[in-house]
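What follows is a single structure, written as structure tokens, with notes after it.
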Amino acid sequence: MTEQKRPILIIKGKRGSKVSTLESAVKPTLKPNNKAFVTPKTDKKQKAEKTPKPPKVKQEPTKPITKEEKAARHAAKLKAAVDILVILFPKVFNLESPKPLKVGIGKGIRKMISEKGLDIPNSQISAGLMAYTQTEAYQKSLVEFGSRFNLDGLVDGEVTDKQRERAKKKLDELQASK
């Protein structure tokens with residue numbers, strides 16, 4: 001069986017510039033203005049030997065998400081974030097009878113989580129805190145209690161009159177939206 005000779009790639013350059021070819025070591029006499037300096041054409045047999053491209057897979061268009069589905073997904077993420085806080089810090093996070101949290105408790109939560117070596121993103125912690133503190137039960141606790149609590153469940157600060165008034169206003173908004 002005879003070996004087929006593969007075409008040699010020759011790159012033509014601008015007049016006067018150096019030309020880069022695969023044959024430059026073998027035929028140093030080729031020059032850009034020489035008639036022999038032509039890129040060989042491939043014949044049909046060589047084209048047929050090329051590997052065929054895989055067929056394109058048609059992807060079915062994704063169905064758009066409805067507002068209800070989007071809201072349900074968001075609510076599930078928030079519930080998961082709150083559940084993490086309830087599991088990690090049961091002394092202070094309680095869904096049935098919440099206590100007012102110390103101002104700036106998020107920093108303490110992040111510090112405790114990093115000390116424990118847990119891989120919980122800050123965004124999830126923030127989302128959990130936001131969801132927990134926006135509940136009607138938490139707003140009621142701000143109105144009723146005078147003290148705030150730290151992660152150990154100990155008193156650490158007071159609920160100010162301004163915070164109590166804001167909580168009353170938020171409670172009214174929550175009850176009006178029902």
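Quick notes
- Separation of the M130 and V57 label points, Cα + 7 Å toward Cβ, nm: 3.6
- Residues whose placed amide H lies under 5 Å from that of K99, excluding near-sequence neighbours: N94
- Along region 80-86 the Karplus relation, 6.51 cos²θ - 1.76 cosθ + 1.60 evaluated at θ = phi - 60°, assigns HN-Hα couplings of 5, 5, 5, 4, 4, 5, 5 Hz to successive residues, with x for each Gly and Pro.
- Cα gyration tensor category, rounded, prolate or oblate, for region 111-178 with a/c compared to 1.5: oblate
- Links that overshoot a 22 Å alpha carbon limit, given the list K99/K170; K79/K170; K77/K140; K79/K162; K67/K107: K77/K140; K79/K162; K67/K107
- For the listed peptides 118-127, 55-64, a ranking on the average number of other beta carbons within 10 Å per residue, highest first, reads 118-127, 55-64.
No lab work stands behind these numbers, since they all come straight from the coordinates. Here the structure is a predicted model, which is why all the values come from computation and not from measurement. Neighbour counts are summed over all protein chains in view; Cβ atoms, including those assigned to glycine, are modelled from backbone coordinates with ideal geometry.
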